[in-house]
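The values are calculated or read from the model by the stated rules, or taken from the named source; none is laboratory data. If you're wondering where the values come from, they're calculated on a predicted model, not measured in any experiment. Using ideal geometry, Cβ is built from the backbone for each residue, glycine included, and neighbour counts are taken over all protein chains shown. For accessibility, only protein heavy atoms count, side chains too; no ligands or nucleic acids. Shrake-Rupley method; radii C 1.70, N 1.55, O 1.52, S 1.80 Å.
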Amino acid sequence: MTPMTDSFSSLWATRLRQNQGIRSLMEDLGQVTGHPDEILLGGGNPAHIPEAEEIFADCFLALAKDPSLTALLGDYQAPIGNDRFRTLAAEYLSPHFGVTLTKDNIAFFNGSQNAYSYLLNIHSGKMTDGSFKKILLPIVPEYIGYADQSIEADAFVATKPEVIPTGKHRFRYGLNKTDFDLSNVGCVALSRPTNPTGNILSLKDIHWMEEKTQKKSIPLFIDLAYGNPFPNLIGEEEPVTYQEGRTLSLSFSKIGLPGVRLGIIISNPDTIETLSSSAAVGNLAVGNLGVYMMDILFRKDILPLLAKNVLRPFYDKKRELAVSIFESEFQKQGVEYEIHDPMGGFFLWIRFPNLSISNHKLYHLCKDKRLFIVSGHYFFSGLNSDFSHTQDCIRLTYCRKEEELARGAHILAKIVASHQAKSK
Ligand SMILES: Cc1ncc(COP(=O)(O)O)c(C=O)c1O
């Protein structure tokens, strides 16, 4: 293929080709060779949990035998889903979010990533009044997948988070209220739990922000991919509810169905209308499989119990195991480390404060040993000030088997131990 030269590529295309965070992460997932030495602690695949997989397989088989299969395979949905499915989702989700939703509050997308590529551009960039509005990430590090979704360059803005020590080898990021600034901001976006850190912003902090965003009619996007009501990996924190001014996104991926690609947006009717136009242009229609599976899973009310009885206990146990495996390797090999309090989700965010190489270099050294992690530098979109964490943190998933976590911890600790500045 002839490489795209600058004169033939748009500014957008050029920027996309330079910024490879999410692409590199997803390509790492796709390039898995199945080699027994491979250790896949990089991407955001959920764990394969037999009890969950059995439920999903039953659902799939029921659809395969149902007369509606011909419609599932042979008909388009409306761009953001047929009214019947949107009404079902509205009725089902209402009690989970403490409000009465209607179909006009609901839009389905081919994954929540797909929805964000529209949502962020609807609320940022050049506005009809000639102003340029930005996307504020109130706490970075924040989800790598938002980074290059804005068609306009320099659309993100962020400030350094508070770094709160919470114990030996532990810390937590907090909302930087002092520098919180909504000038030229078109929307505010956060994930709860946060990918990559496992942080869960308190409802108190969310309300504090909303007092300010609501005065300026700035929408707040809360990404619930790992949050309530499913998979509900929110530890001891309170669930988020819906209210005017918020746009919530749910995903079927982290319950165990990333291949199905279903994301659900809950928002005001006006935003949903605009999303319907975007979806028609960009996608024609949401895919049928996720929506039909949702129909079964919601009508049988399966997901809250699955989350409570299977997913949460599974991920809680994995998290404890992973923390103990990594800490014991770090200590054995003299690695200086700090772990972000893993409050929810399924990642560990680890800082190596004495690392003498960049986290990106560390990623490559690990990859040479077939260990896949994610370099932390990708997660700071919009931050333009110096912050050591952009260079010395990594993310890894604990969704893998114990033996794989143990091999990964050993290799990681060995590499970090041999690339530390002299102890302070
Ligand atoms: C915080 C967060 N939001 C959204 C997504 C996108 O998920 P999907 O498009 O599979 O729904 C992910 C995937 O990793 C994520 O971690």
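Tabulated data for the structure shown
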| read-out | value |
| --- | --- |
| Mean separation of Cα contacts under 8 Å (6+ apart) over length of the chain, as relative contact order % | 23 percent |
| Glu91-His48 FRET efficiency (beta carbon distance; Förster radius 41 Å; 0.05 resolution) | 0.85 |
| Spherically averaged projected area of the chain from its Cα convex hull (nm²) | 22.0 nm² |
| Packing rank of 55-62, 217-224, 140-147, where each peptide gets the mean count of other beta carbons within 10 Å, highest leading | 140-147, 217-224, 55-62 |
| Selection of trypsin sites (Lys or Arg not before Pro), segment 194-246, meeting DSSP coil and at most 14 other Cβ within 10 Å | Lys216 |
| Extension gain, Asn283 back to Ser358 (0.36 nm per residue minus Cα-Cα distance, nm) | 23.1 nm |
| Within-12-Å neighbourhood charge of Ser276 [Cβ basis; K, R +1; D, E -1] | -2 |
| C-alpha long axis of helix 203-215 to longest principal axis of the chain, angle in ° | 60 degrees |
| Estimated inter-spin distance, Leu69 and Lys216, nm [label 7 Å along Cα→Cβ] | 5.4 nm |
| Charge dipole magnitude, Cβ of K and R +1, D and E -1 - the chain, Cα centre, debye nearest 20 | 740 debye |
| Estimated vicinal HN-Hα couplings, Hz - segment 122-134 in sequence order (Karplus 6.51, -1.76, 1.60; Gly, Pro = x) | 5, 10, 8, x, 6, 9, 5, 8, x, 6, 10, 10, 10 |
| Ordering of 84-92, 369-377, 43-51 by burial proxy (mean other Cβ atoms within 10 Å per residue, highest first) | 369-377, 84-92, 43-51 |
| Estimated D of segment 320-424 in µm² per second, where Rh is the Kirkwood radius over Cα pairs and Stokes-Einstein applies at 20 °C, 1.002 mPa s | 154 µm²/s |
| Using alpha-carbon coordinates, inclination of helix 359-368 to the longest axis of the chain, degrees | 90 degrees |
| Estimated Rh, segment 53-303: Kirkwood, alpha-carbon pairs, angstrom | 18.9 Å |
| Difference of contour (0.36 nm per residue) and Cα-Cα distance, Thr178 to Asp386 | 73.2 nm |
| Within-15-Å neighbourhood charge of Glu403 [Cβ basis; K, R +1; D, E -1] | 0 |
| Cross-link table Lys177/Lys215; Lys168/Lys308; Lys160/Lys414, entries beyond 21 Å C-alpha to C-alpha | Lys168/Lys308; Lys160/Lys414 |
| Cα-based reach from Lys133 at 13 Å (exclusive), listing aspartates and glutamates while leaving out same-chain residues under 8 positions away | Glu152, Asp154, Asp181 |
| On Cα atoms only, tilt of 50-65 relative to the major axis of the chain in degrees | 30 degrees |
| Carbon plus sulfur fraction of accessible area for the chain, probe 1.4 Å, in percent | 54 percent |
| Residues of segment 84-119 with amide N under 12 Å of the 7 Å Cα→Cβ point at Thr274 | 118-119 |
| Residue-averaged 222 nm ellipticity for the chain, from DSSP H runs of 4+ at -39500 (n - 2.57), nearest 500 | -11500 deg cm²/dmol |
| Cβ-derived FRET efficiency at R0 51 Å, Thr100 paired with Arg17, nearest 0.05 | 0.65 |
| Net lengthening on full extension, Asp316/Lys126 (0.36 nm per residue, minus Cα-Cα) | 64.0 nm |
